[in-house]
Amino acid sequence: MSKKKKILVVYDEASMDISSEIEKAFSSKNEQNSKTTNVDTSMMSVLEQVDAIVEVLTESGYNVSTTLTSSAIHRFVDKLREEKPDLVLNFCEAIESDSFQEMNVAGLYDLLRIPYTGSGPLTLGSCLNKVRAKEILSFHKLNVPAFRVFTSPDEISRKKVNYPVIAKPIHEDASAGISNASVVYDRDHLQVLLARMLKTFNQPILVEQFIDGREFNVAIVGNEELVALPVSEIDFNSMPEGYHHIVSYEAKWMPETVEYKSTVPICPAKISQRMQKKIQNTAIRAYQVMGCRDYARVDMRVDKTGRVFVLEVNSNPDLSPEESGFARSAKAFGWTYGQLINNIVESAFKRSVGTY
């Protein structure tokens, strides 16, 4: 009887509710005091994801265990050595809310010669750095929104900005730091916003052209042979007046907000076959040039002329079974949640032994 393969699921828990940081960055003091507290579900999504994946892999015959990452790196390394997994499912996006550490955790697996799911350190770091990702994508002739980077509000006088624009922290993911107030139409409002964001997030701020159009995303699985799952659209038609058509942090993680209720995913998207192919081909190309492995999601916008712009390549996306776009796209493709997770695991195993 063959020994069960051992899989260790590694994940991180946010050490703070980032929604409070968003309110500091985007709201006046009066607004902060008058608002009722909304539930932030980002941490619950992580736990839901881990529980579901443990269940799937156990049913598939693997010996599965879990562990949290820790800033006490020696203890984390000791845990990896103690467990001796055949494969790590890497869902670590930060250590104590420091997203810079995402790539370094993957580097630890490489140093310890432990196979793991998903992209390597260079890809994780490049995708997390929104400017670096745009530079790579544009070098490979993929459309990205025109952008500028600010480290001080005073730089506005020295840098040309074509409005409207959207402002984002340069090193965050999961829409952290993106709010309805992020889209601005003039210099005065941008200067105020930059001052708040720079103070709150303590990192450069990306200011990019706001693409007024439809928003799509494509989930991709595989390595040598890639499977582009059905195109998904975020429908903003129910968004009330005064709210921008964007996927903000509130829209992703705070169910009681207007933004969350007014960003409706549609998968498969109701688009022509020609547009579907164009969007999927763009996503595949972005996946390849960024060096993604096993699975990733590519977010895009299509303007009124039909041009496809790559907004972001998420090399470590949410895989929770109910709410994640990835699971939704897999279902539309005809995969069960179990098939999705097992296909990702099998891709990683094949890559680790060089069989593709």
Selected residue (criterion: farthest from D86 (Cα to Cα)) from residues of the range 108-120 that are in a loop (DSSP other than H, G, I, E, B) and of a type outside the set (S, T, N, Q) = G120
Which listed residue is within 26 Å of G291 (Cβ to Cβ) and free of Cβ contacts under 8 Å to residues at least 40 places away in the same chain, from P169, P204, P230, P240 = P169
Of the residues that sit in the range 176-234 and are among the aromatic types (F, W, Y) and within 23 Å of D303 (Cβ to Cβ), which one is nearest to the chain's Cα centre (by Cα)?
-> F216
Being modelled with pLDDT of 95 or more and either touching a strand residue (DSSP E or B) at 6+ places or on another chain (Cβ under 8 Å) or of a type in the set (V, I, T) (or both) narrows V353, V308, V247, V264 down to just V308
Restricting attention to the range 92-128, report how many residues are among the small types (G, A, S) and free of Cβ contacts under 8 Å to residues at least 60 places away in the same chain.
-> 3
So which residues in the range 263-275 are surrounded by fewer than 18 Cβ atoms within 10 Å (Cβ to Cβ) and under 17 Å from D235 (Cα atoms)?
-> V264, P265, I266, P268, K270, I271, S272, M275
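The values are calculated or read from the model by the stated rules, or taken from the named source; none is laboratory data. Note that the coordinates shown come from a computational prediction; the quantities given were computed from them, not determined experimentally. Every residue, glycine among them, receives a Cβ derived from its backbone with ideal geometry; neighbour counts consider all protein chains shown.
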